[in-house]
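Peer 1: Would you mind keeping the following structure in view while I ask a few things?
The values are calculated or read from the model by the stated rules, or taken from the named source; none is laboratory data. Computed from a predicted model, the values in this text were never measured in an experiment. Using ideal geometry, Cβ is built from the backbone for each residue, glycine included, and neighbour counts are taken over all protein chains shown.
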Amino acid sequence: MDQAITELRRAAEISQSSPPLSLLSHELRHIRESHRSEELLDELMEQSKKRYVSPFYVAIVYAGLGENDQA
């Protein structure tokens with residue numbers, strides 16, 4: 001799990017794309033780093049102001065945060 005998180009973080013830094021950010025957020029939530037998941041959600045929403053971000057990825061983050069109604 002630690003290696004997967006490290007790789008997802010690296011992918012998010014390199015690509016600045018929504019899939020790695022949403023996957024990273026979901027994984028971080030499962031290891032009790034919800035504050036970081038919320039920061040990543042903010043980043044994802046900021047990206048959506050500049051280019052298309054699939055609602056699917058936003059839903060993954062909300063689901064990871066346990067906010068099922070938002071998801």
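Peer 1: For VAL58, indicate whether it is modelled with pLDDT under 85, surrounded by 12 or more Cβ atoms within 10 Å (Cβ to Cβ) and assigned to a helix (DSSP H, G or I).
Peer 2: Judged against the criteria, VAL58 is a match.
Peer 1: Is it the case that the stretch 5-19 has a residue that's at pLDDT 80 or above and either assigned to a helix (DSSP H, G or I) or under 10 Å from the mean Cα position of the chain (by Cα) (or both)?
Peer 2: no
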